[in-house]
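See below for the structure under consideration.
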Amino acid sequence: MAVEGGNSRKGKHLFKKNCKSCHDTGGEGGALTPLTKTMGQWDRFFEKQDHPGDLFKSMSEKDLKDINQFLYDHAADSPSPETCG
């Protein structure tokens, strides 16, 4: 179940810009990279939009799809897993 309509390249940029500050090692949200979850787990997370706080509410649907696509494409069980270095 892959996300449709997302741009992985843009998603990586958006993840670094909007997410990494809280989800870096030692950040208040805990370390989080694409490798943290499987492809299916990332899709379920974005389907539920279960992010604490208002970040998801303040982002466009397109930006969320792009971030989801990046995380999905590089998840632990994907053909090309990676961190967000």
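The values are calculated or read from the model by the stated rules, or taken from the named source; none is laboratory data. This is a predicted model, so every value here is computed, not measured. Note that each Cβ is placed from the backbone with ideal geometry, even for glycine, and that neighbours are counted across all protein chains shown.
Of the residues making up region 5-19, those that are surrounded by fewer than 16 Cβ atoms within 10 Å (Cβ to Cβ) and either in contact with a Pro (Cβ under 8 Å, 6 or more places away or on another chain) or in contact (Cβ under 8 Å) with a residue 60 or more places away in the chain (or both) are Gly5, Arg9, Lys16. For region 11-31, a residue qualifies if it is touching a Lys or Arg at 6+ places or on another chain (Cβ under 9 Å) and either part of a helix (DSSP H, G or I) or modelled with pLDDT of 90 or more (or both), and exactly one does: Gly11.
Kindly indicate whether Asp50 is without any contact (Cβ under 8 Å) to a residue 40 or more places away in the chain, of a type in the set (D, E, K, R), surrounded by 11 or more Cβ atoms within 10 Å (Cβ to Cβ) and not in a helix (DSSP H, G or I). So Asp50 does not fit the description; no.
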